[in-house]
Amino acid sequence: SIGNNHILNFKEAGVEETKKFLKEAGIDSFGSPLPSDNRILVKEKGGVTVALVNYNQFVWEGKEKALTDIETAKRSADVVILYAHWGTEYVPALPKTKELAHEFIDAGVDLIIGSHPHVVQEKEVYQGKTIYYSLGNMVFDQYFSQETMTGLLVRATLDSASQTFTFEEIPILLKNTGETVLAPQGE
């Protein structure tokens, strides 16, 4: 997802250049805030159609756009995954973020993966659907606390028959050398 609070730092030209570089690298993207772009990415995998939808709290009418996109995605996909760029930095997920997550699940989302707060936030299961509020940092230059130097990778495996997910959580550490490494066991 390229839907985040910095995607427009270099205006429309920056968004277009980002999309170009990703495409040249063979990486599909979604979540662009440009009006002419599709904010949904649909992929078929193992007989299951999966739609990736972006929610970006930092764009005008972000919630309304995400709810519209979820409704659209549900028409063509078996599973909808929401990538949410949201929340308050450096603290656990706030009640208003949790209420919004529940609203997205109630609208038809099957899994939510969140980012923006720069720290790993809690995971929740609501209505049988998993919400990762924030995976923390993966690549960033915030070495001022253990919380900002700790991130989480999540391997979500979708069972095509039951259309349910299983998860493997992989803790990572950001070193002040600029490297991101797997966290030693027990951390």
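Summary of computed values
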read-out	value
Calculated FRET value between residue 49 and residue 185, using beta carbons and R₀ = 30 Å, to 0.05	0.20
Globularity index of segment 100-164, i.e. its alpha-carbon radius of gyration over 2.2 N^0.38 Å	1.28
The chain, relative contact order [Cα under 8 Å, separation at least 6], %	13
Loop GluC sites (Glu not before Pro), segment 52-115 (other Cβ atoms within 10 Å of the site Cβ: 11 or fewer; DSSP)	61, 89
222 nm mean residue ellipticity, helices alone, for the chain (DSSP H n ≥ 4; -39,500 (n - 2.57); rounded to 500)	-7000 deg cm²/dmol
Convex hull volume per residue for the chain, taking Cα atoms only, in Å³	137
Per-pair calculated FRET efficiency, R0 = 25 Å: residue 18 and residue 163 via Cβ, rounded to 0.05	0.20
Vicinal HN-Hα couplings computed from phi for segment 175-185 (Karplus, 6.51 cos²θ - 1.76 cosθ + 1.60; Hz; Gly/Pro x)	9, 6, 8, x, 7, 10, 10, 5, 6, x, 3
From phi via Karplus (6.51, -1.76, 1.60), per-residue ³J(HN,Hα) for segment 120-133 in Hz, x at Gly/Pro	6, 9, 5, 10, 9, 10, 10, 6, x, 10, 8, 10, 9, 5
Antiparallel content of DSSP bridges confined to the chain, in %, to 5	60
Residue-normalised accessible area of the chain, given per residue in Å² at a 1.4 Å probe	56
FRET efficiency, residue 5 to residue 125 (Cβ-Cβ, R0 25 Å, nearest 0.05)	0.35
Accessible area of the chain belonging to carbon and sulfur atoms, whole % at 1.4 Å probe	53
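The values are calculated or read from the model by the stated rules, or taken from the named source; none is laboratory data. Bear in mind the structure is a predicted one, so any value in this text is a computation, not a measurement. FYI the Cβ positions are ideal-geometry reconstructions off the backbone, even for glycines, and counts take in every protein chain you see. Ligands, DNA and RNA are stripped out before the accessible areas are found, and what is left, the full protein with its side chains, is counted by its heavy atoms. Shrake-Rupley method; radii C 1.70, N 1.55, O 1.52, S 1.80 Å.
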